[in-house]
Amino acid sequence: MTTVTHRFIETNGIRIHIAEAGEGPLVLLLHGFPESWYAWRHQLTALAQAGYHVVAPDQRGYGQTDRPSQIEQYTQLHLTGDIVGLLDALGEQQTVVVGHDCGAFTAWDLALLRPDRVRGVVSLSIPYAPRGPVSMLTAMRSTLGEDFYMVRFQQPGKAEVELERDVRTSIRSTFFSLSGDALAEGNTAQPVVAQVGGLPNLVQAPKTLPSWLTEQDLDHYTGEFERTGFAGALNWFRTIDKSWELMAAWTGVPVLSPALFIAGERDVAIDLPGSRELIANMQAFVPNLKEVLLLPGCGHWTQQERPTEVNAALIEFLEALPEK
């Protein structure tokens, strides 16, 4: 049986908690919102058994990793800096980086900013979006309005109150509402804009948990966010405009690392304005994109909803990469 171990690494001015398993070439797994290293529980063991050293950190602001109080310390330069520092602390020159949701933005940016440190990049849910004339937040605000969830996250303290009122219900409802199972229960679309009532009315609690999510899984996530609150996680969204400003020098630069994109066909992220067009044209900005894999019936929580398919695709991609 493969053992997952835990330790802390001091780097880039913060203490980072990591879960790790296996030996071999390094694979880093970067979680999204509202998750933690635990989102990769199925991949840690599977990839380790396939011959890889697999590391899943709690990212800045999450879980047992430090949570700086200053919002400006959550830009993409800080987040990619954490991963470069983690590589240095692990004594590794290169990695394959796999990111989901917000972690996918960091994975893409690591490959963009430090291609010398990236053997390959895999994104779950989030297609690569080259830097545009305005930030993603500005574009989504103009298209979807002030009630788009990323816009509602901008005011410090407001979303925290809504999410922390009942953490378990917030986690349970968020996971279910953005999963493929929500549509299976008869909904026509997964919402990204609350018409009334704010975040609580954007998601719905399931009658029963879907098969991929257990009460024990909810125990883990609930315990972490009850202890930490949501401020650190939400601060990622509050630096979208600042990150766009800081990334000006990389406008027009392609991501050259070998790449794989995986998403659920029912993932709300690929139905946001412009996302399907980005997917269709991604090879123009990621010329070494090897495959676009859309999983039938799967929603936003790709690696948790479909671990068998995701693990198989990851291992196939890893085995096809040139030797280090």
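So for the stretch 92-149, considering every pair of alpha-carbon atoms, how many percent are separated by more than 12 Å? Roughly 68 percent, rounded to a whole number. Please work out the Kirkwood hydrodynamic radius for the stretch 240-324, using every pair of different C-alpha atoms, and report it in angstroms with one decimal place. Value: 14.6 Å, from the Cα pair sum. Straight-line cross-link reach from LYS242 at under 17 Å between alpha-carbon atoms covers these aspartates and glutamates, not counting any fewer than eight positions away in the same chain: GLU72, ASP109.
What number do you get for the chain when its Cα radius of gyration is normalised by 2.2 N^0.38 Å, N = residues? Intermediate results must be reported in sequence, preceding the final value.
On the way: Rg = 18.2 Å, N = 324, 2.2 N^0.38 = 19.8 Å.
Compared with the compact-globule rule of thumb, the chain sits at 0.92.
Please compute the length gained on full extension between LEU321 and GLU215, using 0.36 nm multiplied by the number of residues separating them and subtracting their Cα-Cα distance.
Numbers: separation 106, 0.36 × 106 = 38.16 nm, distance 3.75 nm.
Roughly 34.4 nm would be gained on extension.
What do you get when you divide the Cα radius of gyration of the stretch 24-128 by 2.2 N^0.38 Å, with N the number of residues? Please list the in-between numbers first.
On the way: Rg = 12.8 Å, N = 105, 2.2 N^0.38 = 12.9 Å.
That ratio works out to 0.99.
Distance between the modelled labels on LEU77 and ALA248, one decimal in nanometres: 1.2 nm (7 Å Cα→Cβ projection).
Using the heavy atoms of the protein chains alone and a 1.4 angstrom probe, what is the accessible area of the chain per residue in square angstrom? All intermediate terms of the calculation are to be shown ahead of the outcome.
Details: 13090 Å² over 324 residues.
Per residue, the chain has 40 Å² of solvent-accessible surface.
Here the calculated FRET efficiency for ASP88 and THR138, from their Cβ-Cβ distance with R0 = 41 Å, stands at 0.75, rounded to the nearest 0.05. Taking packing as the residue-averaged number of other Cβ atoms within 10 angstrom, the listed peptides 317-323, 128-134, 262-268 run from highest to lowest as 262-268, 128-134, 317-323. For the stretch 18-71, the ratio of Cα radius of gyration to the globular rule of thumb 2.2 N^0.38 Å stands at 1.20. Subtracting the Cα-Cα distance of VAL4 and GLN155 from 0.36 nm times their residue separation leaves 50.6 nm of extension gain.
The values are calculated or read from the model by the stated rules, or taken from the named source; none is laboratory data. Here the structure is a predicted model, which means the values were calculated and not measured. Ideal geometry is used to build each Cβ from the backbone, glycine not excepted, and the neighbour counts take in all protein chains shown. The protein model used for the area step is the full one, side chains on, heavy atoms only, and it has no ligands, DNA or RNA in it. Shrake-Rupley method; radii C 1.70, N 1.55, O 1.52, S 1.80 Å.
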